[in-house]
Structures are given as C-alpha cells and as structure tokens.
Amino acid sequence: LWTSVKVSVLALVVSTLAAVAVAALATAPVFMPVARLASTLRFLGFAGLTYVFMLMSSDANALRVWILSFGMFVFMVTALLADLAATPRDQIDHCRTLGMRHWRITGEVVVLGKADVILDLMRQNAAIGWTLLTLVEGMTRSAGGIGAMLLNQNRYFLLAGVFAIQLTILAFGLAQDALLSLLKDAVCPWSTLGKEQARP
C-alpha cells in the first residue's frame, strides 16, 4: 500500500502542477494550441505510449509516475480549460483597472482565483489515479504495489484477497478524499461560505 501511495501522490502533484502551468500559459493565444493538443491526448490509450515513457524513465517507479501523471494530466487540463472559458469577463476587467499586466492577471484570476477548482480537480484526479493504478502497476509488477497484488490475486481467482484489497483501496481513497476536502476548506474558505449563503 505504501509503495502505491507514494506513486499515486507523486503523480497527483506532478500532473496538477503541469496542468495548472499549461492552463496558465493558455491564457496567451500563442500557447492555446499546445493546451488544446494536451486536452485531445486524453483519447490515447496507455498501450501505445508505454515505450515512450520507458525511454523517459530511469526505473519502474519512475515509469509508473510518468504514466499515471499523464493519465491524470490530460483530464485535468481539459477541465481547467473549460473552467477558464467560463470565467466572467468582469474579473479580468477588474484586474486591468488595478493596473495589472497579463501574467499578473493570470496569476490572480487563473491560479489564485481558481484554487478551489484546482483542489476539486485534485480530488477527482486522485480517484482517477486509484482507478488507473492497477493498470499501471500491472505493467511493472516487479516493483510491487497494491495494484500488482490485486492482479496476482485475481489471476488465481483468490476472491477473498481480491475483495480485501479492493476494500483497502476504497478505504484509503475515501480517507484521501476527505483530507483533500479539508485542505480545500482550509485554503479556500470562500468556496464553503458561498455554498452556505446559497442555502435557503
């Protein structure tokens, strides 16, 4: 479990930082085609990309992180681009009236202003990561991990072991989701405040 947790958390951090960087760059028209290309890559399967990631990896753990990061990155970029397209124009105009330049506006509106959205997407990607982890660890079973254990138990129809591992993944995933939710409430208290005010 610890081996899988390390891979999952590292991939989550890498994919989030990369997705936020691409979304921020996409506010400049010259970088928008790159962001759209990254978004369209979500239709690619891992099978054809494994060799490319193997060339970029130094060992089995690095290979797992690269593949898992890619799987989460493409979906996060797609969601961030959709959220950016829905950003009210008055937020950007307000920053301009304060004398901010382009990249300062990007930092305020896209990075800081979307922090609650980014943390919500991290929660979703963490769940996606646990779903993909079994597939990723199945490609490199020599490095161990709970996904490799699950595949081994399933191969020999050891259903008690399969269900025990699945319940362990579910329990850890729910705990991780709760921690990320608490982090969002602590870092972005305005998101919770808005929901409470909207209630009748």
Find the helices (runs of 4 or more DSSP H) located wholly in region 1-99 whose residues include 1 or more that are aromatic (Phe, Trp, Tyr), and list them. 2-25, 50-56, 60-85
Can residue 17 be described as free of Cβ contacts under 8 Å to residues at least 60 places away in the same chain, open to solvent by 30 Å² or more (accessible area, probe 1.4 Å), within 20 Å of the chain's Cα centre (by Cα) and more than 30 Å from residue 168 (Cβ to Cβ)? no
Among (1) open to solvent by less than 40 Å² (accessible area, probe 1.4 Å); (2) small (Gly, Ala, Ser); (3) modelled with pLDDT of 85 or more, the one test that residue 138 misses: (3)
Give just the number: which of (1) farther than 21 Å from residue 87 by Cβ; (2) crowded, with 16+ Cβ neighbours inside 10 Å does residue 117 not satisfy? (1)
One residue is enough: does region 144-159 have a residue meeting the conditions open to solvent by 30 Å² or more (accessible area, probe 1.4 Å) and touching a residue at least 24 places away in the same chain (Cβ under 8 Å)? no
Which helices (runs of 4 or more DSSP H) does region 111-200 wholly contain that include 3 or more residues that are under 30 Å from residue 44 (Cβ atoms)? 115-139, 146-155, 159-187
Before we move on, is residue 60 more than 19 Å from the chain's Cα centre (by Cα), buried (at least 16 other Cβ atoms within 10 Å of the Cβ) and among the small types (Gly, Ala, Ser)? yes
Taking the residues in region 20-35 that are in contact with a helix residue (DSSP H, G or I) (Cβ under 8 Å, 6 or more places away or on another chain) and of a type outside the set (Val, Ile, Thr) as candidates, determine which candidate is surrounded by the fewest Cβ atoms within 10 Å (Cβ to Cβ). 28
Among the numbered criteria (1) open to solvent by less than 50 Å² (accessible area, probe 1.4 Å); (2) under 17 Å from residue 19 (Cα atoms), which one does residue 108 miss? (1)
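The values are calculated or read from the model by the stated rules, or taken from the named source; none is laboratory data. Because the structure is predicted, anything quoted here is derived from the model rather than measured. Heads up, the Cβs are rebuilt from the backbone with ideal geometry, glycines too, and the neighbour counts pull from every protein chain shown. Calculation scope for accessible area: heavy atoms of the full protein, side chains included, ligands and nucleic acids excluded. Shrake-Rupley method; radii C 1.70, N 1.55, O 1.52, S 1.80 Å.
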